[in-house]
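Coordinate-derived values only; no laboratory data. Here the structure is a predicted model, which is why all the values come from computation and not from measurement. Here the Cβ positions follow ideal geometry from the backbone for every residue, glycine too, while neighbour counts run over all protein chains shown.
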Amino acid sequence: MTKSIDCDIHPALASVKELIPFLDPYWREMEESRGTNALYMSSYPPAMPLSAGLGWKTGDPLPGADVEAVRRQVLDVGGCDAAVCNLLSGAAMVANPYYAAALCRAMNDWLAETWLAQDRRFRGSLVVPINNVPAAVEEIERRAGDYRFVQVLLYLGGETPLGRMQFWPIYEAAEKADFTIGIHPGTAYRHAPTPTGWPSFRAEDYANIPPAFEGQLMSLISEGVFQKYPKLRVVILESGVTWLPVFMWRYAKLWRGTRRETPWLDRSPDEIIRQQVFASIAPIDAADPVRGIERLCEAAGSDGMWLYASDYPHWQFDDPDPFHGLPSSLRERFATENPRSAYPRIARILNV
Amino acid sequence: MSDARFPFAGLTGPIDCDIHPGMVSLAELFPHLEGRWVDHLQAYGVHLRQTFANTMTYPRLARDTARSDAWPPGGKPPGSDLDFLREQHLDAQNIAYGILQPLRPGVASERNLSFAAALARAVNSWQVEKWFKPEPRLKGSIVVAPDDADAAIAEIEHWAGHPGFVQVALPPKSLEPLGRKRYWPIFEAAAKAGLPIGIHVSGVAGHAITASGWPSFYAEDHNSNIAAIQATAISLIFEGVTTRWPDLRFVLIEGGLGWSTALAARLDRTWVRFSSELAHLIEAPSIHLKRSFHFTTQPIEEPDRKGMLTEMLREVGIERILFASDYPHWDYDDPRYAIPGDLTSVERQAILRNNAAALYGLKL
């Protein structure tokens, strides 16, 4: 398939040593003396089958850490002309806002040199210190001219819902530079992952991800972010996706009854979602993935929202291509047309 | 009543699985409380994990959360007057049975557990005296404070066998997800009493209402109830409650139902992918979801496209679905209009009354 774009792959830091050269001496010493240990998120412990497939053991190369292997498996074998690198790092979640800013800057520099410079097909998402908004804005502005970066990556579980006004300067900077905002699972666990407290199992935290996405999407919409930043595009990544049309129905109905509290909303939330929100379709929560996609399009009233992604190297399905059987016109839409709408910066360089 | 606007007149009408009874004031509880707790209630009120003494963190957009015509003559609070409830709802819609869900005071979230136990007894006695005795169409829920399991069990055992109570009430916003071990003695007591668990959106648990913190608007609070209901169902399945008590039924009330198909697929995929962590779960979670849970119809997700609502209901499973009006709340569903017209009449009757009659043991 020509010109296809993989909207979600996960390169990984093999160890914090790789990051050290990208830190200034003060932060280098902090890293070396405090033993932060590569800051793997609780959401994705490296040995968990979801994170890395079965059989990964400490000492083996960490899946996603080897540029050559990823290039081979995702770009060459997978046949992609571009793949968006989404780092799942706890850098953005570090409590010290200055430390977080330094680590995020270093992670982005590491990504640029270690990955983006190695193959013109790699694209990157910026990680930003969400609790240090001025530094986050500075980082977005710093990389605005580097079109290898196409997205600002935010994580699903922070301290404050993403639509709230303290975060608006991030959206302003992103809109100005045509960066897409991506929201990916990963929680700082500053709050319980459910409104009824802390589940026992990692599987349970994972199962509760769709309602967390509802909360974030509702926050962005109800706070008026899409009115204030009408060119902003938001991508929902790795969410399971079949929850989304039902949420659109529910929110549209709820808005009709509650809209006097949010009078700036100039149209129904489901309209806003169809126009400015996209979602990756890997993984998909459907017993039959192909039928699931068809129903998604029907239920949401759109086939323009859905984005192909491999989610490499996460192990979400046993079948490497759960979508065989999908009409090629839809595959084309999801892997080529829709990603170009979702990521306006992708087409700025190369022949994509 | 022979008014042509009311199609159930003269027929056996719906069983309404969610009606909210009100009080003119909390003084209605005084006859059901010991003196010391009357004083306590007056001095300290109900003590919740919330910002304001006398109002919710996310105030409703309608006064008393009610539809604007639900104030009885004389200006009493909505749902507080039996005669008006009969006139406006029970008689008008020829309701066969109405299941009460008292929401105030918030017994399940009261931080003082000794007071909570007293309040639970008072609210349950109040249901009997004010509602069940004069009005045989009304049934109710045994309210308990789940964070004191012993007191909750005592309360269930006190009322077990009483013909007025058809379920035990637990909140989906609680200190811990309801599947956690601390709550298991309550499920044992309910199972022993042969009572389902009615989980109605409620609870002021003290946790941020989204996984990423506290939002700004009432609509967001409203939607967080759906997150809580889902988290509760997931917990009950993953922790093994629905395995340990396979005959115990959980009614998810006012939590919608359209989300359950996507959730069933996600839970099954999760169970496969995390199989070593969930080794204790022998059957696929979707089987548990279909077997142990019922859903009430209000509020219902409404697709734009014609026919999709019916498809959604059939996918969830018609036999799982129970009609609810949520009288007297602003987003009340009228039984004349709430159920889609293109269901078969057998399906309509199932949702409107037969499923609830079977679940709650009610004679039609």
Quick note, region B:131-286: a/c under 1.5 would make it rounded; otherwise a/b > b/c is prolate and the rest oblate (a ≥ b ≥ c, C-alpha gyration tensor); here it is oblate
Cα centroid distance between region A:225-276 and region A:131-166, in Å?
-> 21 Å
Tell me which lysines have Cα within less than 24 Å of residue A:231's Cα, excluding those fewer than 8 residues away on the same chain?
-> A:176
Please give every one of the aspartates and glutamates within straight-line cross-link reach of residue A:17, meaning a C-alpha to C-alpha distance under 20 Å, and leave out same-chain neighbours fewer than 8 residues apart.
-> A:29, A:31, A:32, A:60, A:66, A:68, A:109, A:113
Overall Cα dimensions of chain A - principal axes, largest extent first, Å | 55, 45, 44
Dimensionless Rg over Rh [region A:164-274; C-alpha; Kirkwood] | 0.97
Among the DSSP beta bridges whose two residues both lie in chain B, what percent are antiparallel, rounded to the nearest 5?
-> 10 percent
On the first, second and third principal axes, largest extent first, how far apart are the outermost C-alpha atoms of chain B in Å?
-> 57, 51, 44
Who wins for biggest fluctuation among B:69, B:81, B:221 in a Gaussian network model of chain B, springs between alpha carbons below 10 Å?
-> B:69
Put a dot 7 Å past each Cα toward the Cβ at residue A:274 and residue B:363; how far apart are the dots in nm?
-> 5.3 nm
Got the relative contact order for region A:94-237 handy, in percent, Cα pairs under 8 Å and 6 or more residues apart?
-> 23 percent
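Cβ under 12 Å from residue B:184's Cβ, residue B:184 left aside: what net charge do those residues give with Lys, Arg +1 and Asp, Glu -1?
Combined, the nearby Lys, Arg, Asp and Glu give +1.
Of all beta bridges DSSP finds with both residues in the protein assembly as shown, what is the antiparallel percent, to the nearest 5?
Working: 3 of 51 bridges.
Once the DSSP bridges in the protein assembly as shown are tallied, antiparallel ones form about 5 percent.
What shape does region A:104-161 have by the C-alpha gyration tensor, where a ≥ b ≥ c are the square roots of the eigenvalues, rounded means a/c under 1.5, and otherwise prolate means a/b greater than b/c and oblate the rest? Provide the component values of the computation, followed by the final result.
On the way: a/c = 2.28, a/b = 1.83, b/c = 1.25.
Taking the square roots of the gyration eigenvalues as a ≥ b ≥ c, region A:104-161 is prolate.
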Using all C-alpha to C-alpha distances in the protein assembly as shown, build P(r) with 10 Å bins and read off the rounded percent in each one.
-> 3, 15, 24, 25, 17, 10, 5, 1, 0
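Longest span of chain B, sites excluded, free of chymotrypsin sites (Phe, Trp or Tyr not before Pro) in DSSP loop with at most 13 other C-beta atoms within 10 Å?
Excluding the exposed sites themselves, the longest stretch runs over B:53-336.
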Shape category assigned to region A:32-187 from the gyration tensor of Cα positions, a/c cut at 1.5 | oblate
Check cross-link reach from residue B:133 to the lysines: straight Cα distance under 26 Å, and skip same-chain residues fewer than eight apart.
-> B:76, B:192, B:363
